[in-house]
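Notes follow once the structure below has been shown.
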Amino acid sequence: MVAETAPGTSSSSARGDKPKRAIVLSGGGARGAYEAGVLRFILDDLPRRTGVQPDFEIVCGTSVGAIHACFLAATADETEGRGDRLVDIWHRMKVQEIFEFTTRDFFRLPRRMLGVKRVAQQLREGQRPDRLYGLLDTEPLERLVLQSIPWRGIRRNLRTGKIDTVCVAATQIATGRAVVFCDSQRPALPPWASVSNIRMQRIRLSPLHALASAAIPLLFPSVRVGARYYADGGLRLNTPLAPAVRLGANRILVIGLTHPTEPTVNEATAQERTAEFGNPMYLFGKVLNALMLSPIEADVSRMHFINDILDAGRDVYGDDFLEKLNAHLEIDGDRELNRIEDLVVRPSEDLGVMAAEVVREDPDLDFGPFLGLLRRASGGGTNAREADLLSYLLFDAAYARRCEEVGYKDAEAREEELAAFFSN
């Protein structure tokens, strides 16, 4: 559990304006149950304990965080039991039902692999299938997403002003570029919203955008939105902090899914990991970590650096330094600068280690054919201390409850900071 809270007060707060709050939700497959635990405390228990209402003007998410972002946006006008409802979705998951993969499907894998050639031919002929090949059939998971979120509520809450903008990040396969789908009550996105590495696209949000954001490469089928295909947003923008900043948020709550790592790894752990390198499933999990669980420290440090510059400018040039600077930026058509307060909540326990513990401690856990095969191939439940790959795919109540409990506990430990964050 790590917190980074920028000191001082944002410029908008200094002027007496109401803060513009954003929440940023990270991606990480089944690890997202941790986010649900944090949100359960914020949505249900924080108001009862402190009297503050946890409202967000801007909601941003990637991958599983995109699904949670859509849930928050769709239920923003509700005040009771939102956190419990979100957690209940995770508690109802059974991995053998989420991934429908029979023994017959296993023997059909070679033929499915050869089917990629047929899909390639279709694409060359101008046909556009709704999904591109993925190893797993995610239809049950997609049904759960469709049925668990009151999607029409997003438009209603945008129209009534309960939320300002909801953003869902995905990776466009053809270009490798991060695309942020934005549904907003604003007439238009600000001209500085998109830059070379991130394109923010105004759309009417639908379940398709959330499913595209959550399509883990190779494992889950890529999703067609319009004429283009998209995969997991975590490949390029796993913690979508930049969209919140560009939309003018000056208080940002970030929920991460990575346990803070020490600068060095002790020798015993290093030896254990090296011993597992001969297992391709173990390496695949580490690769997913490198691709999708990018550290958020760089973005947060950049925000703090800008805050420090603005503080120094005020100390050297007077209290009206920021006002004069923004007046000059407005002439050139650039966005104004503001001091940004941030609060970052991250797991106090390693979620990959937790997945391995769940496997070892629950020998009767029904993985279904696919994850059962993956478990045996990766050494899960025998000698593996970490199960990173399983931690992305273990969509099951046994793992979700553990993650959710840690998330709730970590948020509860930050009650005072969260109450201050939501105070006006």
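The values are calculated or read from the model by the stated rules, or taken from the named source; none is laboratory data. Because the structure is a prediction, the values reported are computed rather than measured. We place every Cβ from the backbone using ideal geometry, glycine too, and count neighbours over all the protein chains shown. Heavy atoms of the whole protein, side chains included, go into the accessibility calculation; ligands, DNA and RNA do not. Shrake-Rupley method; radii C 1.70, N 1.55, O 1.52, S 1.80 Å.
Of the residues in the range 135-168, how many are at pLDDT 95 or above and either in contact with a Gly (Cβ under 8 Å, 6 or more places away or on another chain) or under 16 Å from THR62 (Cα atoms) (or both)?
The qualifying residues number 4.
I need every pair where a residue in the range 17-30 that is free of Cβ contacts under 8 Å to residues at least 24 places away in the same chain and under 13 Å from ASN338 (Cβ atoms) has its Cβ under 9 Å from the Cβ of a residue that is open to solvent by 10 Å² or more (accessible area, probe 1.4 Å) and assigned to a helix (DSSP H, G or I), sequence separation at least 6 or different chains.
Pairs found: ASP17/SER11.
Every residue in the range 198-215 that is over 17 Å from VAL64 (Cα atoms), in a loop (DSSP other than H, G, I, E, B) and in contact (Cβ under 8 Å) with a residue 24 or more places away in the chain, please.
ARG204
Identify all residues within the range 220-246 that are assigned to a strand (DSSP E or B) and farther than 17 Å from ALA69 by Cβ; write none if there are none.
SER222, ARG224, ARG228, TYR229, ALA231
Tell me, which residue of the range 413-424 that is buried (at least 16 other Cβ atoms within 10 Å of the Cβ) and in a helix (DSSP H, G or I) is farthest from the chain's Cα centre (by Cα)?
ALA419
Can you tell me which residue is most open to solvent (accessible area, probe 1.4 Å) among those in the range 202-232 that are in contact with a strand residue (DSSP E or B) (Cβ under 7 Å, 6 or more places away or on another chain) and among the polar types (S, T, N, Q)?
Taking the candidates together, the pick is SER222.
Only residues that are on the phi > 0 side of the Ramachandran plot and in contact with a Gly (Cβ under 9 Å, 6 or more places away or on another chain): list them for the range 30-78, please.
Correct list: SER63 only.
Give the number of residues within the range 312-347 that are touching a residue at least 40 places away in the same chain (Cβ under 8 Å) and open to solvent by less than 40 Å² (accessible area, probe 1.4 Å).
So the answer is 11.
Checking the conditions here, which among GLY278, GLY318, GLY285 is of a type in the set (Gly, Ala, Ser), modelled with pLDDT of 75 or more and over 21 Å from ARG246 (Cβ atoms)?
None of the others qualify; the one that does is GLY318.
Please find, within the range 355-381, the residue that is nearest to ALA411 (Cα to Cα) out of those that are surrounded by 22 or more Cβ atoms within 10 Å (Cβ to Cβ) and at pLDDT 80 or above.
ALA355
Can you pull out the residues in the range 247-262 that are closer than 14 Å to GLY65 by Cβ and either at pLDDT below 85 or part of a loop (DSSP other than H, G, I, E, B) (or both)?
Passing the criteria: GLY256, LEU257, THR258.
Yes or no, residue by residue, for (1) surrounded by 13 or more Cβ atoms within 10 Å (Cβ to Cβ); (2) in a strand (DSSP E or B):
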residue: LEU141; (1), (2): yes, no
residue: PRO150; (1), (2): yes, no
residue: ARG156; (1), (2): yes, no
residue: CYS167; (1), (2): yes, yes
residue: GLY176; (1), (2): no, no
residue: PHE181; (1), (2): yes, yes
residue: ALA188; (1), (2): no, no
